[in-house]
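The values are calculated or read from the model by the stated rules, or taken from the named source; none is laboratory data. Keep in mind that what you see is a predicted model, and the values were worked out from it rather than measured. In this analysis, Cβ positions are derived from the backbone assuming ideal geometry, glycine residues included, and neighbour counts consider all displayed protein chains. Heavy atoms of the whole protein, side chains included, go into the accessibility calculation; ligands, DNA and RNA do not. Shrake-Rupley method; radii C 1.70, N 1.55, O 1.52, S 1.80 Å.
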Amino acid sequence: MASPNPDSTRPALVWHLPCPHCNGPNDIAMDRRCLSCRHCGAGLWIRYPDAYPTVAAKARIDRREAIFRWDHYLKEQQRPLSHAGRDVQLLYLPFWRVCAIVAIPYDSWLISEPDAALPFVRAGDGYGLPPGKRPPDDSHDTPWDIKPWDYSFPAFKQGLWGLDSLGVRTQTIALGGCDDSPSSEIIRWWPPSGSVDEAVHHLSDAVVALLAQTRGSDTLTPKIIAPQISLIYWPVWVLTDRDSNSERSIEIDAVSGRVVREVPHTPQLPERGGTIEGEAPKLLAHRCPSCGADLPVDRALTAFPCSNCGVLVAHVASGDRRIMTCEFSVDMAQRDSDWYPFWVFEPGEIMVPAFPVRNLRALVRFGAVASGQKRAFSVSDSPPVRQVGVALLPEIAAGLAELIQDQRSQSPQPLSAAPPRLVFIPLETQNGELVDPVTGLCLARAALAPF
């Protein structure tokens, strides 16, 4: 099911991957760009496949336990136990998992009935907007409700199998490569259907359906920002027995041991083995591509400064890395201030804060006011020392830039396909708030937190 997660921009998908140095296993969440191996301590970064990662959950229930669970299920219903000649197969079912930032116009969050038991819409920095009212038309606010969403759905025909959703388990169960599945069992892999584009449309339709059900509005289309797609294979035990009069089959979740459903027929299973689409992520040495020096390991960062040659190595959503050229405000009078990073998109000098801001609405609001101001930038041979780390992926920043551009212009132009620039500007600290000296806009320190 679709579920918002307000505590981070990316709900975590956990992978179980080996270190390339010592081959020791490491559990890695999807929101990580780098880590230290828990066995040898080496710095590692995650390289994602070009299309989408394909991973699988390991079966925790073996063949014997699956038979026991079936007989226990039958005994509870006071029915005859399964026959000795039963057929037991381990089947891996494919699921698409979409993790994205979803921006929903405030119009679609309006409460249709005053007495509806729904939360008030957030207006400005507080709560309490009366039912049926719009937020004030203020260029310093944003008309979007922006949240991370996590959604999984079957990559096979609906109703074909009993398991129809993985829920939050994609964030809690360690997943590994498909070749890590138990070799002692003969596995059947169900062929997946659908595509990456269809998965994104499926998430959008699910959000619209949820709005129609809970908010009474399905007229506005949400914006899906930087979707990350994964194909997850989930193990299910399929047990069948038959006699001269009848046949029956039961499906058991091979991770939880839960009986999923029982059907009065024998299901059509695929051939043994079969082709598995996609590949799993890989762990590689976390080193500077320019000089080979070790890069710092920091969970919050998406760009890593090299202490040896001074370049800044940035991650992109696919896990690739590139060396960034940084520009700095030419106003060096505030050289001793803390310098904060922004992604800059054309046209219109759309500036998206790249430093960690917990509240995405506050981030968009800050970027909307900072954008379009007269600022001059240049590459410096002696950049400021006090630079705040880059914590926002450029792909997410591109989606937020579209929201900023929509807010600033009634007829916004499409953003340039060229990679964004990375610039640094000085922000002052006054009474516990960050202040942009050019616009005077304040950002509470409480809003700053790692992604």
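Annotations for the structure displayed:
- Failed condition for Asp27, given (1) in a loop (DSSP other than H, G, I, E, B); (2) at pLDDT below 85; (3) surrounded by fewer than 18 Cβ atoms within 10 Å (Cβ to Cβ): (1)
- Test: Ala418 is closer than 22 Å to Ile323 by Cα, within 21 Å of the chain's Cα centre (by Cα) and in contact (Cβ under 8 Å) with a residue 40 or more places away in the chain: no
- Test: residue in the stretch 321-332 that is more than 23 Å from Ser371 (Cβ to Cβ) and modelled with pLDDT of 85 or more: yes
- Members of the stretch 33-49 found to be of a type outside the set (Val, Ile, Thr) and within 16 Å of the chain's Cα centre (by Cα), listed by number: Arg33, Cys34, Arg47, Tyr48, Pro49
- Contacts under 7 angstrom Cβ, first residue in the stretch 43-56 being basic (Lys, Arg), partner surrounded by fewer than 20 Cβ atoms within 10 Å (Cβ to Cβ) and modelled with pLDDT under 85, 6 or more apart: Arg47/Lys282; Arg47/Gly319
- Single unsatisfied condition, Gln405 versus (1) part of a helix (DSSP H, G or I); (2) within 30 Å of Val297 (Cα to Cα); (3) not β-branched (Val, Ile, Thr): (2)
- Of all the residues in the stretch 346-376, those that are hydrophobic (A, V, I, L, M, F, W, C) and open to solvent by 40 Å² or more (accessible area, probe 1.4 Å) number 1.
- Test: residue in the stretch 318-339 that is assigned to a loop (DSSP other than H, G, I, E, B) and open to solvent by less than 20 Å² (accessible area, probe 1.4 Å): yes
- Summed over the stretch 352-376, the residues that are modelled with pLDDT under 85 and among the aromatic types (Phe, Trp, Tyr) give a count of 0.
- The test for being at pLDDT below 85 and over 30 Å from the mean Cα position of the chain (by Cα) does not hold for Glu433.
- Any chance Gln413 is at pLDDT 80 or above and surrounded by fewer than 20 Cβ atoms within 10 Å (Cβ to Cβ): no
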